[in-house]
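Q: Sharing a structure with you now.
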Amino acid sequence: MVTVEPASRPEPRWVDIAISNLLRGGVILSITIVIIGLGVTFAHHRDYFQSRPALGELTRPGEHYPSSVQDALRGVLALRGQSIVMLGLLILIATPVGRVTFSIVVFLIEHDRMYAIVTTVVLLLLLLSFVLGATE
Amino acid sequence: MQLHRVGWSEDNRVTPLLFIISVATLSFIGGFVGSLLGLGGGIIVVPVLTLLMHIDIRLTIGASIVSVIATSSGAAAAYVRDHLANIRVAMFLELGTASGAITGAYLAGIIQPRWLYILFGVVLSYSAVAMYRGRHTAKRHVVPGPLARRLRLASSYYDDAANGEIVYQPVRPGLGLVLMYIAGAASGLLGIGSGALKVPAMDLAMELPIKVSTATSNFMIGVTAAASAGIYFSRGQIDPFIAAPVAIGVLAGAFVGSHTLGRIDSHAIRAIFVVVLLIVAAEMLFKGVRW
């Protein structure tokens, strides 16, 4: 039996390259900030190179790091190492959401209404799950 | 008798600097394996942090979700460019994982995890056996249905190991969507990386080439993890001092892994995936029985 493949092309190159560049950009930006933040942390706390008890404090849940965007940004302005690391991590976390949002634009440019709608629904579901989870 | 084990974080010989270096090095392996298999790195990062470093489980979960996102974004940049990840398949199936994750979070208080662990342990074991046999032993020609054609899912990629262009037509997207919904719900309920369920669903139901399944799973896992990560962050479960070396190591590992997948033989990827799947299945069955 011969199955006739339906005529279907992969995405045009520019779509792949645009999405790939967005992911790469997000990753490079976030990791650069994380590394700078770690550098600042160690510069402020020279004892971290040899201090023993400090690690227990650093790896316990607590108040020594921010848990809201405002706190993180305030800490960054105060040049706190942990807050700078957190800013980098937040950019890393935001990258996949940015990818979904960006894809909607890409599909619209390609006049691909079906996938623009699919991707918009995915984005709305993501935001819904975040809101539901955060208000728990 | 109380057994007190001294974890790394309490060990007097371990300085913060040594902690950062060791966690980053071990996370590299997680990112490498995760990017090859579409799993997200948690399978290495979680045992390293809990068993070796004795980190609080809440902070381990926070670091693990960061590792999933790092693997996903780090590897997908290469997979999308090389056409190994199928963007349309991913976008369509994300409808299932995203809605499943919401359902899972809601059911979390209602369903007893014990039976879920046993159920998914059995499902994963079955998937491992089915994937080991390989669907190619029974090579049938499945004609793509109207939905598969309407979604224009067909694509191709250049396989370095096989030295040629591999053209494929995904089938049964409806079944794939239902399975992704279940995978999303399971990850919401049990907090497991849903890659272990996503790859078999794409392989067995939609008949994608194995490398396309793992690469597309990689592309997808970051999206669902991002919503959870936001929640964990606001609950104070993301400790930058733990998550930073995890992110750095995993990203480096995912970068190397994503540039290696193309050159590895498909049969080898399938074999490694089956072994890892069996380990995950055994772990779930164990958790369920011991509950």
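The values are calculated or read from the model by the stated rules, or taken from the named source; none is laboratory data. Quantities reported herein were computed from a predicted structural model and do not represent experimental measurements. FYI the Cβ positions are ideal-geometry reconstructions off the backbone, even for glycines, and counts take in every protein chain you see.
Q: How many residues are at pLDDT below 95, of a type outside the set (A, V, I, L, M, F, W, C) and surrounded by fewer than 19 Cβ atoms within 10 Å (Cβ to Cβ) when one looks only at the stretch A:113-136?
A: 3
Q: Can you tell me which residue in the stretch A:59-72 is modelled with the lowest pLDDT, limited to those that are surrounded by 18 or more Cβ atoms within 10 Å (Cβ to Cβ) and within 7 Å of chain B (Cβ to nearest Cβ)?
A: For the stretch A:59-72, the residue satisfying everything is A:THR59.
Q: Let me ask something else. Please enumerate the residues belonging to the stretch B:40-71 that are within 12 Å of the chain's Cα centre (by Cα) and on the phi > 0 side of the Ramachandran plot.
A: B:GLY40, B:GLY41
Q: Facing another protein chain (nearest Cβ under 10 Å) and hydroxyl-bearing (Ser, Thr, Tyr), is that true of B:SER67?
A: So B:SER67 fails the test.
Q: Still on this structure, please answer the following. Give the residue, chosen from B:ALA98, B:ALA185, B:ALA128, that is touching a residue at least 24 places away in the same chain (Cβ under 8 Å), away from every other protein chain (no Cβ under 12 Å), assigned to a helix (DSSP H, G or I) and of a type outside the set (Val, Ile, Thr).
A: Being touching a residue at least 24 places away in the same chain (Cβ under 8 Å), away from every other protein chain (no Cβ under 12 Å), assigned to a helix (DSSP H, G or I) and of a type outside the set (Val, Ile, Thr) holds for just one of B:ALA98, B:ALA185, B:ALA128, which is B:ALA128.
Q: So the check is Cβ under 8 Å with 6+ separation or different chains; which pairs have a first residue in the stretch B:247-266 that's away from chain A (no Cβ under 14 Å) and a second one that's among the acidic types (Asp, Glu)?
A: Filtered contacts from the stretch B:247-266: B:GLY262/B:ASP82; B:GLY262/B:ASP159; B:GLY262/B:ASP160; B:ARG263/B:ASP160; B:SER266/B:ASP159.
Q: Further question on the same structure: Going by the conditions given, is A:VAL97 closer than 26 Å to B:THR60 by Cβ and surrounded by 19 or more Cβ atoms within 10 Å (Cβ to Cβ)?
A: yes
Q: Go through (1) surrounded by 24 or more Cβ atoms within 10 Å (Cβ to Cβ); (2) in contact with a Gly (Cβ under 6 Å, 6 or more places away or on another chain) for B:GLY222 and report which single condition fails.
A: (2)
Q: Out of B:LEU151, B:LEU147, which single residue is within 11 Å of chain A (Cβ to nearest Cβ) and touching a residue at least 24 places away in the same chain (Cβ under 8 Å)?
A: B:LEU151
Q: Could you identify the single residue in A:VAL122, A:VAL118, A:VAL100 that is under 13 Å from the mean Cα position of the chain (by Cα) and within 9 Å of another protein chain (Cβ to nearest Cβ)?
A: Answer to the selection: A:VAL100.
Q: May I pose another question? So A:ILE109 ticks every box in (1) farther than 30 Å from A:ALA43 by Cα; (2) within 9 Å of another protein chain (Cβ to nearest Cβ); (3) free of Cβ contacts under 8 Å to residues at least 24 places away in the same chain but one. Which box is left unticked?
A: Checking A:ILE109 against (1) farther than 30 Å from A:ALA43 by Cα; (2) within 9 Å of another protein chain (Cβ to nearest Cβ); (3) free of Cβ contacts under 8 Å to residues at least 24 places away in the same chain, the one that fails is (2).
Q: Another question, then. Can you say whether B:THR260 is of a type outside the set (A, V, I, L, M) and farther than 29 Å from A:GLN82 by Cβ, as far as the supplied structure shows?
A: So B:THR260 fits the description; yes.
Q: From A:GLY81, A:GLY26, A:GLY56, which residue is surrounded by 14 or more Cβ atoms within 10 Å (Cβ to Cβ), at the interface with chain B (Cβ under 10 Å from one of its Cβ atoms) and without any contact (Cβ under 8 Å) to a residue 12 or more places away in the chain?
A: Going through A:GLY81, A:GLY26, A:GLY56 in turn, the sole match is A:GLY56.
Quick grid of which residues meet (1) at the interface with chain A (Cβ under 9 Å from one of its Cβ atoms); (2) in contact with a Leu (Cβ under 6 Å, 6 or more places away or on another chain):
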{"residue": "B:PRO47", "(1), (2)": "no, no"}
{"residue": "B:ILE55", "(1), (2)": "yes, yes"}
{"residue": "B:ASN86", "(1), (2)": "yes, no"}
{"residue": "B:GLY109", "(1), (2)": "no, no"}
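Q: Looking for whichever is modelled with pLDDT of 85 or more, among the acidic types (Asp, Glu) and either part of a helix (DSSP H, G or I) or closer than 25 Å to B:GLY222 by Cβ (or both) here; the options are A:ASP47, A:ASP16. Which one fits?
A: A:ASP16
Q: Okay, next question. Hey, could you check the stretch B:231-267 for residues that are in contact with a Leu (Cβ under 8 Å, 6 or more places away or on another chain) and small (Gly, Ala, Ser) and say which is modelled with the lowest pLDDT?
A: Result: B:GLY262.
Q: Output the number of the condition that B:ASP239 fails; it satisfies all remaining conditions of (1) away from chain A (no Cβ under 14 Å); (2) buried (at least 23 other Cβ atoms within 10 Å of the Cβ); (3) among the acidic types (Asp, Glu).
A: (1)
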